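Here is the structure we will look at, set down as structure tokens.
The values are calculated or read from the model by the stated rules, or taken from the named source; none is laboratory data. Here the structure is a predicted model, which means the values were calculated and not measured. Glycine gets a Cβ as well: all are built from the backbone with ideal geometry, and neighbour counts include every protein chain shown. For the accessible areas, the whole protein counts, side chains as well, though only heavy atoms, and no ligand, DNA or RNA atoms are used. Shrake-Rupley method; radii C 1.70, N 1.55, O 1.52, S 1.80 Å.
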Amino acid sequence: MTALSRMPWIWSFLAAGIVWVITLMFTGGASIVGLTQATLTFAAFSVIVGTGQMFVITLGPGNIDLSIPATMTLAGTVALKLMGGDSGLIVPGFLVAIAIGLGVGVANYALIKLLRIPPIIATLAMSFIIQSAAIWSNRGLRIRPPEILGDFAIGSVLGVPNVAILALVVTVLAYVALEKSLYGRWILAIGQNIRAARMAGIPVDGVRCGTYVLCAVLASLGGYFLASFSGGAALNMGAEYLLMSIAVVVIGGTSVAGGDSNVPGIWGASLFMFLVVSMLNTYGFDAGFRMIMTGLIIIGVIVTAGGRTVRF
Amino acid sequence: MKFTQMLLASAAIAAAAIPTATFAQTEDARIALSNNYAGNSWRQAMLTSWETVTAPAVDEGIVAAADAFTTAENQATEQAAQIQNLILQGYDAIVVNAASPTALNGAVREACDAGVTVVSFDGVVTEPCAWRIAVDFQQMGRDQVAYLAQRLPDGGNLLEIRGLAGVFVDDEIHAGITAGVEANSQFDVVGSVNGDWAQDVAQRAVAGLLPSLPEIDGVVTQGGDGYGAAQAIEAAGRDIPIIIMGNRQDEMAWWRDQRDANGYETISLSIAPGVSTLAFWVAQQILAGEEVPQDLVVPFLTVTQDTLDEALETTPEGGVANVEYSLEDAQAVIAAAQ
């Protein structure tokens, strides 16, 4: 049990595995390749934006970024508009998306720090501004991605979707940053006790600002590839990822109170979130029942995984 | 002889005076658009159409103002508050695309009591004092199955993509599809997902369900979701079934590419965003004192194999096939309802 309590991410993988098997049972296993590929593909987007949200939540109580969906939308629309389907502009488009992330992150933290607005309000207000900017920039017109980029986003290597490989790279970097670097130690310290961290000489403002920027950059990265994957940006393309980004963090075993994060759990939770919906769709339940079941299953997983909080 | 001439002349003057008379009575009138959501291409086209048609109407002095207001959060409570503000600001008519058919009834009643004309469209309200410009969404569902029955006389397996759960429009189209499938028992709905009228949500949901489904012969949709379904089915390496489209440019462009490549045939139907302009003219007519029935029906816009190229030419990239209505169109719709 002590071994398990050090690996709270195991529960989300276990839950994902169970749901995966139940879904496969419907076809007697015939759907194994199709379902697994679809799951890896769509989980990848949740992983990319969920990782950013995890860093922010790790900063401690009250820290959350609600501007993720709007940032994804703005990065996707502006980058695709700039590229205009021209393969030669893939790199500039990518850089513009990243620049949008940098700008949003800095603006978010400026609101939080300079105007002393709580993060939940600051990032919500910011999301209205960003969403309006996305509407204003091209009135919701869908422009196709350059062919090379579109092919990359839907393609796969040896059966593994490219976007899943990309998400895995993000995960590995996040793991190294969190577990092996000074920055990781700093955000854990801030999340556990911000005053103690300040007294210990940690550059608290710099670290917090950097974390909001990191989250926004990952959101814009997710938006850039999601728009390329789905054949163009749409004004409501990020909407799914507001609650999703928070859910995968919590189900993945990261403490909502901050100071205790969990990188592998994001993968388990992202796979699980996609598979639950697929399972309930496969068995043909209607929408109302599906939502109730999704809610109950999430509560079930969190309660099971939450055994570790006993140590407090 | 002279008398008849005079009679004819005065009749001609009277006839010529009619349109100006209907304008003259509304030249001081201010009309507001209360809109609950702007976050997709359909709503953007709806707002653009409103602007395109009402701006000249204001310049020509037909009405004094035609301002559009959109709430930020797509909440009925927020829209109710917005309508109350519009009453206080003294608008003569409020044109509403409602977040809920019933939750705004209190605010709409207040508007009527204050002497404000309320015209609802697309998302209509049930409050009896308001006018309703509705689409027969059930018919939209039945027509889809009827088209498939004609293309696939032997029937087959259908995948149904629904809209946003709990919204009136989703229930109506679904009821029409269910009725259509009951009438054509050679069809089976083997799977159903909620695509929320959004391309990426539909793609995600279909991709998750598809591996568990048998061969699919037709996909019935609600608009905005057809391209997402096509992409998910293509990605899974399956044969492309007949996917009913919903007039979005990306759906029609994909359809054209498929047609050019392998003779793909389907049909596309949806409500035209320009229905907001019809609501504007109906409100203007009511303010001008015309007798207008409370319930009006607007036909949905259908794009067929023959009209595909034409529809694509007039639809902006990433937009929605659209028609904007004139005063004459509105008068024709009113006359048809009487």
With a sphere of radius 14 Å drawn around the Cβ of A:Tyr212, what net charge do the other residues whose Cβ falls strictly inside it have (Lys, Arg +1; Asp, Glu -1)? 0
Carbon/sulfur fraction of accessible area - the stretch B:137-270, other protein chains in place, 1.4 Å, %: 45
Can you list the residues of the stretch A:224-244 whose accessible area drops by at least 50 Å² going from the chain on its own to the full set of protein chains, with a 1.4 Å probe? A:Ser230, A:Asn236, A:Glu240
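Relative to 2.2 N^0.38 Å, what does the C-alpha radius of gyration of chain B come to as a ratio? Two decimals please.
1.11
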So which residues in the stretch B:216-254 end up with at least 30 square angstrom less accessible surface once the other protein chains are there, compared with the chain by itself, probe 1.4 angstrom? B:Tyr227, B:Asp250
Taking amide H positions as placed 1.01 Å from N in the peptide plane, with prolines and chain starts having none, which residues 5 or more places from B:Tyr325, or on another chain, fall under 5 Å of its amide H? B:Thr277, B:Leu278
If you wrap a convex hull around the C-alpha atoms of the stretch B:137-270 and split its volume per residue, what is the figure in Å³? 92
In deg cm²/dmol, rounded to 500, what helix-only [θ] at 222 nm does chain B give when every DSSP H run of at least 4 residues adds -39500 (n - 2.57) and the total is split over its residues? -15000 deg cm²/dmol
Per residue accessible area in Å² of the protein assembly as shown, where ligands, DNA and RNA are left out and the probe is 1.4 Å: 41
Scan around B:Leu33 for amide H atoms under 5 Å from its own, H built in the peptide plane at 1.01 Å from N, and keep only partners 5 or more places away or cross-chain. B:Asp67, B:Ala68, B:Phe69, B:Val95
Over chain A, with every protein chain in place, what whole percent of the accessible area is carbon and sulfur at 1.4 Å, could you tell me? 74
Expressed as a percent, the portion of alpha-carbon pairs in the protein assembly as shown spaced more than 50 Å apart is 17
Per q in 0.11, 0.13, 0.16 Å⁻¹, report the Debye log10 I(q)/I(0) for chain A, using one uniform scatterer on each alpha carbon and no solvent. -0.68, -0.95, -1.36
What Cys residues in the protein assembly as shown are without a partner cysteine, judged by a Cβ distance under 4.7 Å? A:Cys209, A:Cys215
Total Å² of accessible surface buried at the A-B contact, 1.4 Å probe, nearest 100? 2800
